[in-house]
Amino acid sequence: MSTGKAGTTHVVIVGGGFAGLKCAMELAAHSEIAITLIDRNNYQQFQPLLYQVAGGILSPDNAAFALRDVLRNRQNVDVRMDEVVAVDLAKRTVRTAEGAAVSGDYLVLATGSRVNFYGIPGADRHTFPLYSLTDAERLRSAILHAFEEADRDPASAAEGLLNFVVVGGGPTGVEMAGTLSDILKRALLKEFRHVAALRPQVYLIEAAPELLGAFSPESRRYAASALKDHDVSVLNGVAVKEITADAVLLADGSRIATRTVIWAAGLKAVEIPTQPELPQIPSARLEVEQDLTIRGFDQVYALGDLANAMDQDGKPLPQLAAVAQQAGKSCAGNIIASIKGEPLKPFVYSDRGILAMIGRNSAIAELGKSHHEIVGPVAFVTWLGVHTALLTDVRAKVEAVVEWAWAYFGSEHAGQLIDR
Ligand SMILES: Cc1cc2nc3c(=O)[nH]c(=O)nc-3n(C[C@H](O)[C@H](O)[C@H](O)COP(=O)(O)OP(=O)(O)OC[C@H]3O[C@@H](n4cnc5c(N)ncnc54)[C@H](O)[C@@H]3O)c2cc1C
C-alpha cells in the first residue's frame, strides 16, 4: 500500500520520536510531498522528563505528546499507529505487525534505542529500565508499592525494601539517582509517616572508576559532591555481577539488599530486520553516509539514535535528542534537495553542549563546542531552557514543564497513584 497521491512524492517515516517527528514537520511545509509517519505508539515520549514521571512529580501526559495533535494542522502528514517488523530497502517498503506493506519514494528510519542488559544474569527479569513512558509509570508504581508495604508494617518489612539501586553512572543514572533521592527524602518520607526508621536509601553503581565519563573532570567532581549532598550512596569502580529478586550482587563479593533496581547502564538501537541485511556494529546502530543515507540506498535514510552518524572528526555522534532533532531537519532538507535534483548536504551537528540535572537545584552544563562548564542552580536553569527549546515543536506542553520546574524548586509533593 502506498498512500502517496499522483503528482506527489511519498515519504514514509518510521518512528515519531525526536528525529522522525522533526523530519515530518519540516517536510510538511511542502504541499507536493505526502508523508506517512508510522509509530508503534500514538505519541512521542519526551525521555528527558521520564525521571520526573517515575518520581511522581510530573504526570505522564506532560512527558508525552499525541502525534495526531502535534500534526493536526499538517494536512499532508498521515499518522499511522502500527509497528514496523521488516524493511525492504531496495523497494523502500516496510511491513507492519498489522500486516500492511507501506512503500514510499523515500524511506526514513528513526526507531531510536532500547535497553541493553549486556547479558548480566537477572537484569532482564529483576530491573526497571527507563526508556519509555510505560517504564516510568511501572517504576513509579513499584516505588510507591514499596513505601505502602513498609508503611503498613515497618517492623516486619523485608530486608532492603526501601533500598533503591540505580545501575549505570552516565547522565541517565546520575539524574535518576539524584531526583529519586530528593523525592524519597523530601516528599515520600513526609507522607508515609511510619517508615522513617527504615532509612530509605538510593545507591548508584558504576563499573568505571568515575561517573559521567563524557563530562570534564571539574563537572565530575561537582556531580560526585552534589550526589553526596543529595544523600545518594555512590559505588564507583565495581561491576554488577548478577541481579536477583531481592539483591544486587557485585563483582567484589558484596551484596546490596533491594527489591527495586533501575537499569540505566546501556542502550542499543532498535533492530528491525532489513532486506538485504545490513552490517551490524555492537550497539546495533546502522552505518550511514555523511548525508544520512544508507550506503547503496540513496533514497533510504537512518537518523537519530538508530544511526551511527559521525562528526567532522570521524567520531560517532552521541545519542542525544538534539542530535536526533538536527538530523531530522537535515534529512528533510536532503529529501527536498533530492526531489529538485540538487546535491545533498552532509549532516553537520551543531554541538550546543551537554547537560545533566543531578537533583533539585543541582546540575552541570558544558556549553557550546568548547564545553564551557557551569554548575549549580544556574546550570539547573540552563537545563530547563535547553529542554524547553527541545519542546518547541509541541509548544502547548512547554507551560506544563516550566510549571513543574518551579514546583520542583519549592514543592514537597509527589503524586501517589499506583496505576500499574
Ligand atoms: C531516561 C532518558 C533521559 C534522556 N535525557 C536526555 C536529555 O536530557 N537530553 C538529551 O539530549 N537526550 C536525552 N536522552 C536521549 C534522547 O531521548 C534520545 O537521544 C532521543 O530520543 C533519540 O531520538 P530518536 O528520534 O532517534 O528516537 P526516539 O525519540 O526514541 O523515537 C523513536 C520512535 O520510534 C518508535 N519505534 C521504535 N520501533 C518502532 C517500530 N518497530 N515500529 C514503529 N515505531 C517504532 C518509538 O515508539 C519512538 O516513538 C535521554 C534518554 C533517556 C532514555
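The simple Förster model, with R0 at 41 Å and r as the Cβ-Cβ distance, assigns residue 29 and residue 125 a FRET efficiency of 0.30.
Dividing the Cα convex hull volume of the chain by residue count, how many Å³ per residue is that?
Values: hull volume 58.8 nm³, N = 420.
That works out to 140 Å³ per residue.
If you plug the beta carbon distance of residue 42 and residue 280 into 1/(1 + (r/R0)^6) with R0 = 35 Å, you get a FRET efficiency near 0.70. With θ taken as phi - 60° and the Karplus curve 6.51 cos²θ - 1.76 cosθ + 1.60 applied, the whole-hertz 3J(HN,Hα) list for segment 38-49 is 10, 9, 6, 10, 9, 9, 9, 9, 9, 4, x, 9 Hz, x standing for glycine and proline. When Lys and Arg each count +1 and Asp and Glu each count -1, what net charge do the other residues less than 14 Å away from residue 267, Cβ to Cβ, add up to? Local net charge: 0. Here's how it looks for residue 204: its modeled amide H is under 5 Å from those of 166, 233, 234, 235, which are all 5 or more places away or on a different chain. Near the amide H of residue 353, within less than 5 Å, lie the amide hydrogens of 368, all on another chain or at least 5 residues away, with H placed in the peptide plane. Among 160-168, 203-211, 273-281, sorting by the average number of other beta carbon atoms lying within 10 angstrom of each residue, highest first, gives 160-168, 203-211, 273-281. Each Lys and Arg adds +1 at its Cβ and each Asp and Glu adds -1 at its Cβ; summed about the Cα centre, the chain shows a dipole of about 260 debye. The HN-Hα couplings worked out from phi for segment 353-365 by the Karplus form 6.51 cos²θ - 1.76 cosθ + 1.60 (θ = phi - 60°) are x, 10, 9, 8, 9, 9, x, 4, 6, 10, 7, 10, 9 Hz, whole numbers, x standing for Gly and Pro. With the simple spin-label model, which puts each label point 7 Å out from Cα in the Cβ direction, the residue 244 to residue 348 separation comes to 5.7 nm. Taking 0.36 nm per residue of separation and subtracting the current Cα-Cα distance, fully stretching the chain between residue 255 and residue 91 would add 53.7 nm. Computed FRET efficiency, Cβ-Cβ of residue 372 and residue 100, R0 45 Å: what is it to the nearest 0.05? Between residue 372 and residue 100 the formula returns 0.35.
Only one residue of 215, 180, 59 has its Cα farthest out toward the positive end of the dipole of the chain, where Lys and Arg carry +1 and Asp and Glu -1 on Cβ, and that residue is 59. Of all DSSP beta bridges confined to segment 117-265, the antiparallel ones make up roughly 25%.
What is the mean projected area of the alpha carbon convex hull for segment 117-265, to one decimal in square nanometres? Please list the in-between numbers first.
Working: hull surface 34.6 nm².
Hull-based average projected area comes out at 8.6 nm².
Full extension of the chain segment joining residue 199 with residue 216 gains 2.8 nm, where the gain is 0.36 nm per residue of separation less the Cα-Cα distance.
Paramagnetic label reach from residue 225 (point 7 Å along Cα→Cβ; backbone nitrogen cut-off under 19 Å): within segment 178-205, residues 178.
Computed from the coordinates by the stated procedures, all read-outs in this text should not be read as laboratory data. What you see is a predicted model, and the numbers here were worked out from it, not measured in a lab. All Cβ positions, glycine included, derive from the backbone under ideal geometry; neighbour counts span all protein chains shown.
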